[in-house]
């Protein structure tokens, strides 16, 4: 029986999710609820309606097409009653300005691999491959494992972007199939991490430590740098010390950006992270030097 995965999207010619030219597969489902998440439509498995208000011409076609009273029409604009939506996608079909889009698709693993293989020559020439991202790939564990196995059968370099919130037994299983872990590390304060993300620091650190102790060349630590959360010398310094303790060398500092805020508007959800000001790359230069002084190889951006 074919294994399937719920995906958000497949991005070709990605250059920020590992070495070389890559195809990034964004899976749905995540055990965390980071307040700043830039892809909130990936947090839960299923189909999600996004409404792009700036594209809407107010024609009312979506309202007339909906048979389930999930759309009303007020002040020449649609109002979405998402609790009534059955994802029939009729509103998306009739929208003349592409202002309505449903995110989320179930695909057979073999079909995903077929898409990945389209660019195999680019991977060979650039040292690239496939990156499995999310959401969190480990949420759909069986399909995720099958995807990794099929990619390795085709000798494709595999990278996984992960938050680390799962049992260490699972990471033991995938280790032989993964060439590179892009591992999120957000804070060393367990209470603050839980408050902002729902994460379990001990479990995340156990998984980081397991990969580092097994093969430290397989891991790059990615630190999202966020105002009011970890954007200070104490927080980043403590993280650098822990990374050094585990024998990891490579760190990417990812400056917070506000591009994801519009996603919450499109989903009809509030954006609850306090900061709406992006962190500029030049602001991270002193912290790059702080990490380098501790013996780390630090890069700003992923």
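What follows is calculated from the coordinates using simple rules that are stated; it is not laboratory data. Model, not experiment: these values are computed from the prediction. Note that each Cβ is placed from the backbone with ideal geometry, even for glycine, and that neighbours are counted across all protein chains shown.
Taking only alpha carbon atoms, the stretch 217-271 gives an Rg to Rh ratio of 1.13, where Rh is the Kirkwood radius. For the chain, the C-alpha radius of gyration divided by 2.2 N^0.38 Å, with N the number of residues, is 1.07.
Given an 8 Å cut-off on Cα distances and at least 6 residues of separation, report the relative contact order of the chain as a percent. Intermediate values should be presented prior to the final figure.
Working: 588 pairs, mean separation 58.4, N = 302.
Worked out over the chain, it gives 19 percent.
For residue 111 and residue 175, a Förster radius of 35 Å and the Cβ-Cβ distance give a FRET efficiency of 0.85, rounded to the nearest 0.05.
Under 17 Å from a label point set 7 Å out along the Cα-to-Cβ vector of residue 87, the amide N atoms of the stretch 18-50 belong to 26-30, 40-50. Dimensions of the stretch 1-142 based on its C-alpha atoms, expressed as ranges along the principal axes with the largest first, amount to 53, 35, 28 Å. Distance between the modelled labels on residue 15 and residue 202, one decimal in nanometres: 4.4 nm (7 Å Cα→Cβ projection). Each 5 Å bin from 0 upward holds the following percent of the Cα-Cα pairs of the stretch 100-222: 2, 10, 20, 22, 18, 14, 9, 5, 1, 0. With the convex hull constructed from alpha-carbon coordinates only, the stretch 48-103 shows a mean projected area of 3.3 nm² over all directions.
Here the extension length gained between residue 44 and residue 241 equals 67.6 nm, from 0.36 nm per residue of separation less the Cα-Cα distance. Counting only DSSP beta bridges with both residues in the chain, the antiparallel share comes to about 40 percent.
By DSSP, the beta bridges lying fully in the stretch 18-171 are antiparallel in about 45 percent of cases. Using only Cα atoms, tell me the angle between helix 201-214 and the longest principal axis of the chain; keep it within 0 to 90° and round to the nearest 10. The angle comes out near 60 degrees.
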